[in-house]
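Student: Here it is, the structure, as structure tokens.
All of the numbers you see were taken from the coordinates with simple rules; none came from a lab. A quick note: this is a predicted structure, and the numbers were derived from the prediction, not measured. In this analysis, Cβ positions are derived from the backbone assuming ideal geometry, glycine residues included, and neighbour counts consider all displayed protein chains.
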Amino acid sequence: MSDLDAFNKRLATVLDAAYADSPGQRPLITYTTGPRYIRIVKSDGPASRSVYGFIDWRTGDLFKAESWTKVAKGRRGNWADAELPCLGRYSLR
């Protein structure tokens, strides 16, 4: 299993718990890969997409999104960390 697959399972667990009261509302998570970052895209419907956060594919560091294409400063965690308190219902915290 790759690191991204393991991270995806952890994120799915967090979102499943966050949307336990409304399972039909749980967003779909997809990934797009760029030259340095993997963009985590949250889709709430066919016309509603937003950036959940970014992963530096070289180091596994997690970053909050400043915009659709821009990574906010300040590492929030690493996908290999035992605890990931940065995973939130709507985005990386």
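Student: Could you go through region 47-60 in sequence order and give the Karplus-derived ³J(HN,Hα) for each residue, using 6.51 cos²θ - 1.76 cosθ + 1.60 with θ = phi - 60°, rounded to whole Hz, and x for Gly and Pro?
Tutor: Per residue, the Karplus-derived 3J(HN,Hα) values read 10, 10, 10, 8, 8, 7, x, 10, 10, 6, 5, 7, 10, x Hz.
Student: Arranged by the count of other C-beta atoms within 10 angstrom, fewest first, what order do 19, 52 take?
Tutor: Working: 19 14, 52 24.
Ascending number of Cβ neighbours within 10 Å: 19, 52.
Student: Sort all Cα-Cα distances of region 51-93 into consecutive 5 angstrom bins from zero, then give the percent of pairs in each bin up to the one containing the longest distance.
Tutor: 6, 28, 32, 26, 7, 1
Student: When the helix-only estimate is applied to the chain (DSSP H runs of n ≥ 4, each -39,500 (n - 2.57), divided by the residue count), what is the mean residue ellipticity at 222 nm, nearest 500 deg cm²/dmol? List each step's numbers first, then the result.
Tutor: Numbers: 1 runs with 16 residues, N = 93.
Rounded to the nearest 500, the figure is -5500 deg cm²/dmol.
Student: State the three equivalent ellipsoid semi-axes of the chain, derived from the C-alpha gyration tensor as the square roots of 5 times its eigenvalues, in descending order and whole Å. The partial results should precede the final answer.
Tutor: Working: eigenvalues 79, 50, 29 Å².
So the three semi-axes of the chain are 20, 16, 12 Å.
Student: Based on the Cβ-Cβ distance of residue 58 and residue 10, what FRET efficiency does E = 1/(1 + (r/R0)^6) give at R0 = 22 Å, to the nearest 0.05? Working shown, then result.
Tutor: Numbers: r = 20 Å, r/R0 = 0.90.
Taking R0 as 22 Å, the efficiency between residue 58 and residue 10 is 0.65.
Student: Working out 0.36 nm times the residue gap between residue 29 and residue 75, then minus their Cα-Cα distance, what length gain in nm do you get to one decimal? Don't skip to the answer; put the middle values down first.
Tutor: Details: separation 46, 0.36 × 46 = 16.56 nm, distance 2.06 nm.
That works out to 14.5 nm of additional length.
Student: Using a Cα-Cα cut-off of under 17 Å, which lysines could be cross-linked to residue 42, ignoring same-chain neighbours fewer than 8 residues away?
Tutor: Cross-link targets: 9, 64, 70.
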